[in-house]
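Here the structure comes first, spelled out in structure tokens, and everything after it is commentary.
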Ligand code: SF4
């Protein structure tokens, strides 16, 4: 089932609450994550291997294994937008209990779908969106099996998913990576914030644009682990408000953290990693 703590990517893990694909503006103001002065893309790319290794030392090696069916992952990820893992799971399980097949979900009165997912934020918007996605898939494919995407080049598979109503780069990458094992890199609010602070991406790179930038920097075999460990780091150490820079294993690589603490740390001087 779901491994939320890893995705949320904000979806329910693995996907965090990053959302952003429903066109809503987050209410809470977050501090600006300033990229280092004189930042260059080359510097960001050169830093990534060290970041990857320190995250592995801290949170462990992660191995991809097949998750659920891609259509399940797709709906689950839509439900997770602007939502907590717990509420997402409650909404998803209730939806599946009341409407055991996706065909039933597609044909049900929209208010009944909304009621089934009412724990999920923006549920009144998500109910018609989910039905619209299912309808489009059924119209084009005649079923809800998305495994055909693995036979497409990555860019083509992404384009196919992004053409679905309300599906953006994060949802697309989550379905391709988590469910199908394709080399797409999802960027949620945690991944985006930490990447900015570390200087892996530049100050003008948007959250949507960060998918392609970071994806190009990673080997396919690194994508799942890096995504999951970045989320773990965002949840445990590098919070949006009040990051624990003084105990962060990435401090010597992080100009934002060094600036906050008013110090420059030499490699190897960080405290023991906070095992998640
Ligand atoms: S040093 Fe601070 S800002 Fe940088 S990654 Fe660590 S917790 Fe985040």
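Here are the numbers for the structure shown:
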| quantity | calculated |
| --- | --- |
| Fewest-first sequence of 64, 119 by Cβ atoms within 10 Å of each Cβ | 64, 119 |
| Spin-label model distance (nm) - residue 68 vs residue 93, 7 Å beyond Cα toward Cβ | 1.1 nm |
| Chain lengthening between residue 239 and residue 32 when straightened (0.36 nm per residue, less Cα-Cα) | 73.3 nm |
| Burial ordering of 178, 99, 226, fewest other beta-carbon atoms within 10 Å first | 99, 226, 178 |
| Label-point separation, residue 260 to residue 107 (7 Å along Cα→Cβ), nm | 5.3 nm |
| Extension gain, residue 139 back to residue 247 (0.36 nm per residue minus Cα-Cα distance, nm) | 33.7 nm |
| Neighbour-count order for 101, 94, 58, fewest beta carbons within 10 angstrom listed first | 101, 94, 58 |
| Segment residue 152-residue 45, extension gain: residue separation times 0.36 nm, minus the distance between their alpha carbons | 35.7 nm |
| Label-point separation in nm, residue 61 to residue 86, each point 7 Å along Cα→Cβ | 3.5 nm |
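Laboratory data are not the source of any read-out in this text; all were calculated from the coordinates shown. The structure presented is a predicted model; accordingly, all values stated were derived computationally and were not measured. As a convention, Cβ positions derive from the backbone with ideal geometry for all residues, glycine included, and neighbour counts pool all protein chains shown.
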